[in-house]
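Just below is one structure, and these are the notes that go with it.
Readers should treat all values here as calculations from the given coordinates under stated rules, not as data from a laboratory. Source: prediction; values computed, not measured. Reconstructed Cβ throughout: ideal geometry from the backbone, glycine too, with neighbour counts over all protein chains shown.
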Amino acid sequence: MAMSANAVKAVSTTAMAVSLIRSVHSHHAPDPLLHDAWSDVFVSSSMRKQVRRVLLPEMQRLGSASMDDYLQHHPSYAAIVMRERFTEDALFRTLDEDIEQYVLLGAGFDAFAWRYPSMMERLNLFEVDLPDTQQYKQERLETSGIRTPSNLHFVAADFTQSNLRQSLVSGGFNLDKKAFFSWLGVTLYLPRDVNIEMFRQFSNLAPAGGYLAFSYIDDCLLTGAEAGSAKWKAYQRVRAEVERAGEPWVCGFNPDTLPDLLEECGLTLLEDLDGYDLLERFGDGGDQCMLPAPFSRVALAKINPLH
């Protein structure tokens, strides 16, 4: 059954904007850091209008020529592209450690299953997201005549309410096998206690061990400790947009205390990079708009096996 108008409105606007940003980079960068033009499939013309309504006040203030031009100069542009590149590079490095399951938490309109057909020959992929967003994505795939691989599993879950372990197992997840979890662009939308409980769950989700890549914002922005700084001004601009989309940012973490927090949850922090670190590692792909996002960070942690 096709989605109702109200259900379509409930589809994540920020997830659509993320997909559009990845596509803009793929189309415009001379040597893209990632190739992902799948917003052409996933984001319908009506959905582009929905994103545009959220961005329009800033587009008008800045005199942007188009939405693509605005997104390419957005404070989150580089962070969204580079966190994806960081995570996929980390996944590929760990495949020799018997990683057989890849879990996208807050998958949105990620297109890994179609961008990497050779990787899908060795991985079971689980996409976890809210029901409305998942249904919309599956309808767009069907309408476009795109086949869904048999080892791609859609798992509908609300992180604030669902039992993630139960949801994944019901979707075919194997607790006896190692897994790599990608949790990008999610922690900032969840209350702190929910995030910490999620961190604690990973050892139970992957008792054989594995890895977790996740992004977060520095909590000094939420407290106003850096009010007036360039980092704070960039954050304020994005904060206003996500609030207009009805998806406010509510949680950050302190990079200095994060290692101890993760250790208490059964995780060992391996890397924690800010926008400048990511630019130094990956370069800009010839894209002059790949400026460091001063408020966004991405981290990689090892999930310690349960004994």
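DSSP beta bridges confined to region 5-303 are antiparallel in about 45 percent of cases. When the chain is described by a simple charge dipole with +1 on each Lys and Arg Cβ and -1 on each Asp and Glu Cβ, the residue from SER162, VAL11, PRO255 located farthest towards its positive end is VAL11. Annotation for region 125-179: trypsin sites (Lys or Arg not before Pro) lying in DSSP loop with at most 14 further Cβ atoms inside 10 Å of their Cβ are ARG147.
Only helical DSSP H runs with n ≥ 4 go in: add -39500 (n - 2.57) per run for the chain, normalise by residue count and round the 222 nm mean residue ellipticity to 500 deg cm²/dmol. Could you put the intermediate results ahead of the total?
Working: 14 runs with 139 residues, N = 307.
One gets -13500 deg cm²/dmol as the mean residue ellipticity at 222 nm.
A cut-off of 5 Å between modelled amide H atoms, ignoring neighbours fewer than 5 places along the same chain, links GLN101 with ASN124, PHE180. The share of C-alpha pairs in region 5-303 whose separation exceeds 27 Å stands at 38 percent.
In this model, which of LYS137/LYS177; LYS178/LYS302; LYS231/LYS302 are farther than 23 Å apart at the alpha-carbon? Please list the in-between numbers first.
Details: LYS137/LYS177 28 Å; LYS178/LYS302 11 Å; LYS231/LYS302 29 Å.
Over 23 Å Cα-Cα: LYS137/LYS177; LYS231/LYS302.
Find how much the distance from ASP158 to THR223 grows on full extension, using 0.36 nm per residue of separation minus their present alpha carbon separation; answer in nm with one decimal.
My answer for the length gained is 20.7 nm.
In nm, give the distance between the simple-model label positions of ASP31 and SER66, each being 7 Å from the Cα along the Cα-to-Cβ direction. Roughly 2.5 nm, to one decimal.
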